[in-house]
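S.K.: Before anything else, here's the structure in question.
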Amino acid sequence: MTKEPDWFSRAVALPADSRFVSVGGCRIHYLRWGVAGKPGVCFVHGGYAHAHWWDWIAPFFTGAFTVVALDLGGMGDSGHRARYSLDRFADEVATVCAHARLGGSPVVVGHSFGGRVALRTGARCGVRMSGIVLVDFPIRPPGHEYERGPQRLPGRTKEIYPNLAAALERFKLLPPQPSENAFIVDYIARRSLAKVKGGWSWKFDPRIFDERGYGQPADDFAQLACRAAVIYGEQSALFPPEIRAYMGALLAGRAPMIAVPEAHHHLFLDQPLAFVVALRALLADWNTTPRARAASKERSTTSGKAGHTDA
């Protein structure tokens, strides 16, 4: 395995507060970097993943932002529910943003399925969110058929492995893709597992996607009252030419599409520093628009009148 570079070691060593908040009777876990009150960024992981997928990305944004990454219900260290829905996932994101005291209207950055959650959050929250960033989440034309690849079957139970090494050998990225940064894959795999009776197993609830009636992403996009952008891997299997063309027409004039070279679906595993540069540039551009400056002035006025205490 390639030795992890110094920048990665420094990033994951930056401490984050581990917190919980109840959403609809379920205990939701999240990580927070930095102090409360700055403009906020909320990172949302993909399906079957967890907040620690952002451990080497979030620290690059703490200078200008209060940063959080949550475990969606049924994943990571969050509790499990009897039923899961897209609206409930969106509630979890909005509640974490409020509980973490993200300043102003936060930006929600969602990868893969997390992009679908970010889109629904933006549609439901209106101007309470200043922007959403879809990270390799494709918006497909109605009726578009595509090969989903390996999927867990509804009702299937989780495997239990006799030891940690056996479990780590079974960890795979979905959809399958090459990954040169094996040290990152190992890092997230180790935080995807928990010790259980009889050995080791995955933290996620296998029932989280038993119900998939999420509606059309394009409908949620049409309801957005905030900014939007797309960052995708130039070699992503989820962004073939026809999807890029459809999204380019759908988002024209409303949301930039930013390609990260030499990156697949899991682009911030493949090209983490290029992803950081792209997202930093986007957020800096949004922060210098008239709307952002007005919001910043309003925050300063409010803070001067009331003040705040870091929770």
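S.K.: Taking Cα pairs under 8 Å and at least six residues apart, what relative contact order does the range 55-208 come out at, in percent? Don't jump to the answer; show the numbers that get you there.
M.R.: Working: 161 pairs, mean separation 32.1, N = 154.
Relative contact order comes out at 21 percent.
S.K.: I would also like to ask the following. Would you kindly give the portion of the calculated P(r) for the chain that falls above 31 Å, as a percent of all Cα pairs? Show your work: numbers first, answer last.
M.R.: Numbers: 12917 of 48205 pairs.
More than 31 Å apart: 27 percent of the Cα pairs in the chain.
S.K.: Same structure, new question: Just how large is the dipole of the chain about the Cα centre, in debye to the nearest 20, putting +1 at every Lys and Arg Cβ and -1 at every Asp and Glu Cβ? List each step's numbers first, then the result.
M.R.: Numbers: 37 positive and 28 negative charges, 189 e Å.
About 900 debye.
S.K.: Setting aside same-chain residues fewer than 8 positions from Lys158, which aspartates and glutamates have a Cα under 17 Å from its Cα?
M.R.: Result set, ordered by chain and number: Asp77, Glu169, Asp205, Asp210.
S.K.: Taking the Cα centre of the range 1-72 as origin, work out the dipole magnitude from +1 charges on Lys and Arg Cβ and -1 charges on Asp and Glu Cβ, in debye rounded to 20.
M.R.: Details: 6 positive and 5 negative charges, 33 e Å.
Computed charge dipole of the range 1-72: roughly 160 debye.
S.K.: Please list, in order along the range 55-65, the HN-Hα scalar couplings obtained from phi with the Karplus expression 6.51 cos²θ - 1.76 cosθ + 1.60 (θ = phi - 60°), rounded to whole Hz, x for Gly and Pro.
M.R.: 4, 9, 9, 3, x, 6, 10, 6, x, 10, 9
S.K.: May I ask you to give the average projected area over all directions of the convex hull of the Cα atoms of the range 1-105, in nm² rounded to one decimal? Don't skip to the end; give the middle numbers.
M.R.: On the way: hull surface 28.4 nm².
Here the figure is 7.1 nm², rounded to one decimal.
S.K.: Moving on to the next point. For the range 66-185, I need the span (max minus min coordinate) of the C-alpha atoms along each principal axis, in Å, sorted largest to smallest.
M.R.: Answer, in whole Å and largest first: 47, 36, 36 Å.
S.K.: Another question, then. Which whole DSSP H helices in the chain pass both tests: a Cα extent of 27 Å or more along the axis and a mean Kyte-Doolittle value no lower than 0.0?
M.R.: Working: long enough: none.
The qualifying helices: there are none.
S.K.: For the range 138-278, what is the relative contact order in percent, using Cα pairs closer than 8 Å and at least 6 residues apart in sequence? Don't skip to the answer; put the middle values down first.
M.R.: Values: 148 pairs, mean separation 38.5, N = 141.
In percent, rounded to a whole number, it is 27.
S.K.: Please give the solvent-accessible surface of Ser9 in Å², to the nearest 10, using a probe radius of 1.4 Å with every protein chain present.
M.R.: 40
S.K.: Related question: Magnitude of the Cβ-charge dipole of the range 1-153, K/R +1 and D/E -1, about the Cα centre, nearest 20 debye?
M.R.: Values: 17 positive and 12 negative charges, 81 e Å.
Dipole magnitude for the range 1-153 comes out near 380 debye.
S.K.: Given the options Ala222, Ala51, Ala274, which has the most mean-square fluctuation in a GNM of the chain, springs set between C-alpha atoms less than 10 angstrom apart?
M.R.: Of Ala222, Ala51, Ala274, the Gaussian network model singles out Ala222 as fluctuating most.
S.K.: Give the ranking of Glu92, Glu169 by solvent-accessible surface, highest area first, calculated with a 1.4 Å probe.
M.R.: Details: Glu92 0, Glu169 150 Å².
Ranking Glu92, Glu169 by accessible area, largest first, yields Glu169, Glu92.
S.K.: If each of Ala245 and Ala281 carries a label point 7 Å out from its Cα toward its Cβ, how far apart are those two points in nm?
M.R.: 2.6
S.K.: So, one more: In whole percent, how big is the carbon plus sulfur part of the accessible area of the chain, probe 1.4 Å, protein atoms only? Please report the intermediate quantities before stating the final value.
M.R.: Details: 7660 of 14150 Å².
Of all accessible area on the chain, carbon and sulfur atoms account for 54 percent.
S.K.: Also, quick follow-up: In the range 1-62, with Lys and Arg counted as +1 and Asp and Glu as -1 at Cβ, which of these residues, Val44, Phe20, Met1, has the Cα nearest the positive end of the dipole, that is, farthest along it?
M.R.: Phe20
S.K.: Continuing with the same structure: Taking amide hydrogens as modeled 1.01 Å from N in the peptide plane, which residues meet the under 5 Å criterion relative to Ile132, leaving out close sequence neighbours?
M.R.: Long-range HN contacts for Ile132: Val108, Arg227, Ala228, Ala229.
The values are calculated or read from the model by the stated rules, or taken from the named source; none is laboratory data. Keep in mind that what you see is a predicted model, and the values were worked out from it rather than measured. Cβ coordinates were reconstructed from backbone atoms using ideal geometry, including for glycine residues, and neighbour counts include every protein chain displayed. To get the accessible areas, we keep the full protein, side chains included, count just its heavy atoms, and leave off ligands, DNA and RNA. Shrake-Rupley method; radii C 1.70, N 1.55, O 1.52, S 1.80 Å.
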